[in-house]
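The values are calculated or read from the model by the stated rules, or taken from the named source; none is laboratory data. Note that this is a predicted model, so its numbers are computed, not measured. Methodologically, a virtual Cβ is constructed for each residue, glycine included, from the backbone with ideal geometry; neighbour enumeration extends over all protein chains shown. Side chains included, ligands, DNA and RNA excluded: accessible areas come from the protein's heavy atoms. Shrake-Rupley method; radii C 1.70, N 1.55, O 1.52, S 1.80 Å.
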Amino acid sequence: MLLIECPYCGKRHETEFRYGGEAHIVRPEKPEDLNDTEWADFLFMRTNTKGVFAERWYHANGCRQWFNALRHTVSHQIIAVYKMGEKPPVSDQGSEDR
Amino acid sequence: MLNRTSNGGKIDREKRVNFVFNGLSYAGFEGDTLASALLANGVHLVGRSFKYHRPRGFVAAGAEEPGAMVQLEEGAQTQPNIRATQIELYEGLKASSVNVWPSVDFDISAVNGLFAKFMTAGFYNKTFMWPRSFWMKLYEPVIRRAAGWGRAPTVSDPDIYDRMQCHADVLVIGGGPTGLAAALEAGRAGARVVLVDEQKELGGSLLSLNREIDGKTAIEWIEQAKAELAEMPDVRILTRTMLFGYYDHNYLVALEQKTDHLPLKDRSGKVRQRVWHFRAKQVVLATGAHERPLVFADNDRPGIMLSGSVLTYLNRYGVFPGKNIVLFTNNDSAYETALALHAERLKIVAVIDVRNDVTGELPDKVRELGIQVLEGHAITATNGRKRVSSVEVRAIDPGADKYTGHSINFECDLVAMSGGWSPVIHLFSQSQGKLKYDDDRVCYVPEKSVQEQQIAGSCSGEFLTEDCLNNGGVAGRIAAKKAGFSPKKEHEPLTVQEPEMGKMEPFWVVPGNVPVGEGSAKHFVDLQNDTTAADIALAIREGFESSEHVKRYTLTGFGTDQGKTSNINALGILAGILDKPLADVGTTTFRPPYTPVSYGALAGRNLGNWSDPVRVTAIHDWHQKNGALFENVGQWHRPWYYPKTAEKMQDALNRECLAVRNSIGVLDASTLGKIDIKGPDAAEFLNRVYTNAWMKLGVGKVRYGLMCHEDGMVFDDGTTARLADDHFLMTTTSGNAAAVLDWLEEYLQTEWPDLKVYCTSVTEQWATVSVAGPKARKLLQKIAPDMDLRPDSFPFMSFKEGEVAGIDARVFRISFTGELTYEINVPWHAGRAMWDAVMEAGAEFEITPYGTETMHVLRAEKGFIIVGQETDGTQTPQDLGMDWIVSKKKPDFIGKRSFTRSDTAADNRKQLVGLLTDNPDDVLPEGAQLVLDQYASKPMPMVGHVTSSYYSATLGHSIALAVVRGGLGKTGDTIFAPLANTTITAKIVSPIFYDPKGERQDGEV
Ligand SMILES: [Zn+2]
């Protein structure tokens, strides 16, 4: 079970959180301007990263705030957490295949 | 007792302990395990093997024992498949063999040899692929009888289990020399240390080996370490505690046995086992090493044991498992066992060593005693039915697939073998650590950690006691430092008097006088799963060459054993056949639990009423007193229907439905999800999450809305009222309230943080009494005399606030039944008072309480959907015939863009229709598949299924809702539901069966 640091509450067990999938997928401003392929890309297509992955977490059984995390998908190490709307901190572990 | 030394060992010879095995009475001493006590009594035969039903005895002395499992105790207390080597003996213990029929001495399956012929490698895989009927009728019953081990208890578990959460700075796993040294050093640095060990006492290998540490006996050193640890306030020692799971971010789980060592009569009322959940800053893995068996012909006979385990039985339990002993080894450690056995005046028949030119401290000492040592020899056959009686030994013929040289026969009653030592890397592997093969040490050792951990002692391949102690101390210091503590000055390294160990030589499989796999001899690799060297060869011949494939095909390393003794041997044999270096074969993954854990322990106190929260409304007591039956809706217990004495379900539903249609019914609707939505942008927000328009909804008005996900599929529905310009009250389906709130908050936080809106769950703040029926206005007027209820003043889809029965209330005029309905909302605590007032005022109208089932019938008569029943996440509003609620003017809302995707817009999607059966009394089963051609050949093309189906007392016939491909264009067509014994014919109709024009919603004026 992961130990996740909520930016608002601190370190808590994974069971307090809900996973929110890949981060930084912005809902298109004007969905009508997208063709079917582009819209399907937004709806369904996600990267399947082996390495450092930016993802969303929701402290559902806590402060109920959404936030982002950089997690290594092999080691599950969480490299950073940051608030919604913030840019991911630069990670030097992106290419390392641990 | 037959096989006891005259003194020594960690047993109390003053305290006799009586026990029963397979119906016979025996005695052991306090401090014995069931295994040591049985061996002391000369009992070697404990069970039969998994597939072949061969006689099996003890191989090891601890958790790594692959075969000697018993059924412990009887009745509710019974436990199947417990290793006899891990059972502490207690007065009155009862155990019996598993996997035997009719008895361990005479087993039918073994006599027939029935299974040996067809249960080869891949047996399960192959038979699973045979025709299904073969599996069901032939194989499964036969296998169930023949295979598998003990019997699960048939009554519920009477014991109490606990759960503990623990945060440690340094968690040390293993209480042997390494772990003790680590705990001491980490403790001295001031860290919160937890030391766990599976045994009842600390010491690990020091309890089995005669070692001198800094001039003290090992036992004295252990006592000194224990005393120092006991003085440290932040050190917790957990014995009888098996750490069985190592999960992410140093989350580890252990099972502490608190009463399993006590006589049954002393256990009642006490917590039997406690599951510890640790989160540790640093972990020290001091899990030690397991000895490997050698793989030779018929190496599974009772009396063939691991050499180190024989030493443990001798030194720790004062038991010698045999009197005429052959040792078989590829390393020096067996010589130490030989010396110890010889010192007890037991006969060492011979030491068989696969190596040549064996010299060194231990072999030299053995030779000096005049013991025969055969170098470059191996055991090529064993004899004896229920216990080994002799072995055949031949000179090794390097490279040959069979050894046909002169054979020497040695009579013996015990073979002590050593194939070398494997670090116990199970927990390291569970923690995702990477292993590497060490050619010098002939084993896999930890290479790279993923988590915050230190690995020390035998677990890291350092097998000497002195290295374990000093290595462990260093690990403890590093762990404490990394956990934020400052270790004090270093101590002088400890010195240990111990024999030097020569080089070992890997020898993965010993051929007999015929090649492996030929003839009747079996070379067992995994004694728990009955996997042989020939099985591995067969797997490779059949194309399964990767270690993970071989594991699955042959079952090596499966089961409760998890390959503790077999894993490396299997890999060695695989590498040999493939002619690859062992390092290139790769290990398989070890999975938790390290040893089995009962469901009772994992469940802890979360049983019965404590297994899941139960939610009830403020009116629940009334429902119970008045005979309601309940159904679960999420965690809510809702009244299902209210049968009168001797009334059948359908009769009750008919009565409840007709009451609503003809007079008045009352429903406890408190469970409906309620979300308070407030803020200047609240209307704009609703406009984006619902499919219809919300900006212009007037204050005091209510609107129905559908919510979709971005993919355009319906997700929830409900009514929302505008309480003020910037204030709404949303209702959701009872089971979906939390999900909807999450959904709203997700969009507010992640997509539209600019919107000024708050969402608050108020489900449990408002109790709701829903009064429905043509006479509802008359009833309400009695208890709300000041409220203007005339339809033009209080129209459908609006609400009023005011006093009802003297209680401040919000009354909503909405309807899920099609009848005039008032939903009276009052603060939760006043729910019961309001219900009572309504019941009293309704007496003259014969007001009838109704439950969820009647609610479902009534809404189906009106063609109202239930999200989750008519929908399954693949229906758009259009599929449900609800295009009318999808705004064409709003530029954007969640789901809108998806409605024009080619798949979503296709016209042959499953669409909501009504069904009327040709026979009005036929009620279609919900879930029934529908076909257009009842004579189509099988598999019939299915075009949809029934989603809701009821008998309608109002209409006098059955009704059903269904989703059917292109159903919206098939009105009037005939459709069929083929069932097991009959086919029901139905006509596709509009889903609105009752009052299609909505003329009844104003009730009696
Ligand atoms: Zn939080």
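When the chain is fully extended, how far beyond the present Cα-Cα distance does B:Ser520 get from B:Asp892, taking 0.36 nm per residue of separation?
126.3 nm
With the cut-off at 1.5 for a/c, could you classify the stretch B:311-432 from its C-alpha gyration tensor as rounded, prolate or oblate?
Values: a/c = 1.40, a/b = 1.12, b/c = 1.25.
Verdict is rounded for the stretch B:311-432.
Any idea of B:Ile573's accessible area? Nearest 10 Å², probe 1.4 Å.
Here the residue's solvent-accessible area equals roughly 10 Å².
If you place +1 on the Cβ of every Lys and Arg and -1 on the Cβ of every Asp and Glu, how big does the dipole about the Cα centre of the stretch B:580-698 come out, in debye to the nearest 20?
60
Relative to the isolated chain, which residues of the stretch A:57-75 have their accessible area cut by 50 Å² or more in the presence of all protein chains (1.4 Å probe, heavy atoms, no ligands or nucleic acids)?
A:Arg64, A:Trp66
Would you please give the residues with an amide H less than 5 Å from that of B:Ala928, counting only those at least 5 places away or on a separate chain, with H modeled from the backbone geometry?
B:Val946
Among B:Thr876, B:Met305, B:Gly627, whose Cα projects farthest towards the positive end of the dipole of the protein assembly as shown, with charges put on the beta-carbon of Lys, Arg (+1) and Asp, Glu (-1)?
Result: B:Gly627.
Express the accessible area of the stretch B:293-419 per residue in Å², computed with a 1.4 Å probe while the remaining protein chains stay in the model.
So the stretch B:293-419 comes to 33 Å² accessible per residue, rounded to a whole number.
When the chain is fully extended, how far beyond the present Cα-Cα distance does B:His167 get from B:Asn626, taking 0.36 nm per residue of separation?
160.3 nm
If you put +1 on each Lys and Arg Cβ and -1 on each Asp and Glu Cβ, how big is the dipole of the protein assembly as shown around its Cα centre, in Debye rounded to 20? Kindly include the intermediate steps, with their values, before the conclusion.
On the way: 120 positive and 140 negative charges, 271 e Å.
That gives the protein assembly as shown a dipole magnitude of about 1300 debye.
What figure in square angstrom, to the nearest 10, would you give for the accessible area of B:His406 with a 1.4 Å probe?
So the heavy atoms of B:His406 present about 150 Å² to solvent.
Could you sort out which of B:Lys678/B:Lys800; B:Lys775/B:Lys800; B:Lys51/B:Lys564; B:Lys51/B:Lys551; B:Lys701/B:Lys775 sit more than 21 Å apart by Cα distance in this structure?
Values: B:Lys678/B:Lys800 19 Å; B:Lys775/B:Lys800 19 Å; B:Lys51/B:Lys564 19 Å; B:Lys51/B:Lys551 16 Å; B:Lys701/B:Lys775 23 Å.
Cα-Cα > 21 Å for B:Lys701/B:Lys775; rest within.
Taking the dipole about the Cα centre of the stretch B:166-248, with the C-beta of Lys and Arg at +1 and of Asp and Glu at -1, give me whichever of B:Ala186, B:Thr239, B:Trp221 is farthest to the positive side.
Result: B:Thr239, furthest along the dipole toward the positive end.
Round to the nearest 10 and give me the degree value, 0 to 90, for the angle of helix B:649-662's Cα axis relative to the longest principal axis of chain B.
30
Would you calculate, for chain A, the mean residue ellipticity at 222 nm contributed by helices, counting each DSSP H stretch of 4 or more residues as -39,500 (n - 2.57) and dividing by all residues, to the nearest 500?
-2500 deg cm²/dmol
Collect residues whose amide H, placed 1.01 Å from N in the peptide plane, falls under 5 Å from the amide H of B:Thr380; neighbours closer than 5 in sequence don't count.
B:Glu392, B:Val393, B:Arg394
Output wanted: per-residue J couplings in Hz (rounded whole) for the stretch B:31-41, from phi through Karplus 6.51 cos²θ - 1.76 cosθ + 1.60, θ = phi - 60°, x for Gly and Pro.
Karplus-based 3J(HN,Hα) across the stretch B:31-41 equals x, 6, 9, 4, 5, 5, 5, 5, 4, 4, 8 Hz.
R0 = 25 Å: FRET efficiency of A:Glu5 with A:Met45, Cβ-based, nearest 0.05?
It comes to 0.30.
Classify chain B: rounded, prolate or oblate, from the alpha-carbon gyration tensor (a ≥ b ≥ c, eigenvalue square roots; a/c under 1.5 rounded; otherwise prolate if a/b is larger than b/c)?
Prolate.
Please give the contour-minus-distance gain from A:Ala80 to A:Arg18: 0.36 nm per residue of separation, less the Cα-Cα distance, rounded to one decimal in nm.
20.6 nm
Which trypsin sites (Lys or Arg not before Pro) from the stretch B:259-302 combine a DSSP loop assignment with at most 12 other Cβ atoms within 10 Å?
B:Lys270
What list of ³J(HN,Hα) couplings, whole Hz, do you get for the stretch B:433-443 from phi and the Karplus terms 6.51, -1.76, 1.60, once you set θ to phi - 60° and write x for glycine and proline?
For the stretch B:433-443, the Karplus curve yields x, 9, 9, 9, 7, 9, 5, 5, 8, 6, 6 Hz.
How many nm separate the modelled label positions at B:Ser761 and B:Trp884, each set 7 Å beyond the Cα in the direction of the Cβ?
So the two model labels end up 3.4 nm from each other.
Any idea what angle helix B:567-578 forms with the longest principal axis of chain B, computed on alpha-carbon atoms, 0 to 90 degrees, nearest 10?
Around 80 degrees separate the two axes.
Using the heavy atoms of the protein chains and a 1.4 angstrom probe, tell me the accessible area per residue for the stretch B:492-570 in square angstrom.
40
Tell me: how much accessible area in total is hidden between A and B, 1.4 Å probe, Å², nearest 100?
By this definition, chains A and B bury close to 2600 Å².
On a 1.4 Å probe surface of the protein chains, which of B:Met834, A:Met45 comes out largest in accessible area, and what is the full order?
A:Met45, B:Met834
At a probe size of 1.4 Å, how large is the accessible area of B:Arg897, to the nearest 10 Å²?
Looks like 10 Å² after rounding.
Starting from the residue with the highest accessible area, list B:Asp197, B:Asp12 in decreasing order, probe 1.4 Å.
Largest to smallest exposure gives the sequence B:Asp12, B:Asp197.
Across the stretch B:781-786, in residue order, what do the Karplus-derived ³J(HN,Hα) couplings come to in whole Hz, using 6.51 cos²θ - 1.76 cosθ + 1.60 with θ = phi - 60° and x for Gly and Pro?
Rounded to whole hertz, the list is 4, 4, 9, 10, x, 8.
Just how far, in whole angstrom, is the stretch B:208-236 from the stretch B:476-511 if you go by their alpha carbon centroids?
16
What does DSSP give for chain B in terms of the percent of beta bridges that are antiparallel, rounded to the nearest 5?
75
Sort A:Met1, B:Met649, B:Met69 by heavy-atom solvent-accessible area, probe 1.4 angstrom, most to least.
These residues rank, largest area first, as B:Met649, A:Met1, B:Met69.
In the protein assembly as shown, what percentage of the DSSP-assigned beta bridges are antiparallel, given to the nearest 5? Walk me through the numbers on the way to the answer.
Details: 151 of 198 bridges.
Antiparallel bridges make up about 75 percent of those DSSP assigns within the protein assembly as shown.
About the Cα centre, and with charges only on the beta carbon of Lys, Arg (+1) and Asp, Glu (-1), how big is the dipole of the stretch B:674-761? Nearest 20 debye, please. Could you put the intermediate results ahead of the total?
Values: 8 positive and 14 negative charges, 107 e Å.
Computed charge dipole of the stretch B:674-761: roughly 520 debye.
Take the solvent-accessible surface of the protein heavy atoms, probe 1.4 Å, and return the percent of it on chain B that carbon and sulfur atoms account for.
51
Can you give the calculated 222 nm mean residue ellipticity of chain B, where each DSSP H run of n ≥ 4 adds -39,500 (n - 2.57) and the sum is split over every residue, rounded to the nearest 500 deg cm²/dmol?
Numbers: 24 runs with 215 residues, N = 1005.
My calculation for chain B gives -6000 deg cm²/dmol from helical runs alone.
Putting +1 on Lys and Arg Cβ atoms and -1 on Asp and Glu Cβ atoms, find which of B:Gly23, B:Leu571, B:Gln781 reaches farthest to the positive end of the dipole of the protein assembly as shown.
Of the options given, the answer is B:Gly23.
Report the FRET efficiency, 1/(1 + (r/R0)^6), for B:Gln934 and B:Asn662, where r is their Cβ-Cβ distance and R0 is 35 Å, rounded to 0.05. Spell out each step's value before the answer.
Numbers: r = 39 Å, r/R0 = 1.10.
It comes out at approximately 0.35.
I need the shape label for the stretch B:676-807. Rule: rounded when a/c is under 1.5, else prolate if a/b > b/c, else oblate, with a, b, c from the alpha carbon gyration tensor.
Details: a/c = 2.10, a/b = 1.94, b/c = 1.08.
Here the stretch B:676-807 falls in the prolate category.
Taking beta carbons within 10 Å but only from partner chains, what does the mean come to for residues B:248-255?
Counting other chains' Cβ atoms within 10 Å and averaging over B:248-255 gives 3.
Would you pull out the residues with amide H under 5 Å of B:Ile865's amide H, same chain only if 5 or more places away, H placed 1.01 Å from N?
Placed amide hydrogens put nothing under 5 Å from B:Ile865.
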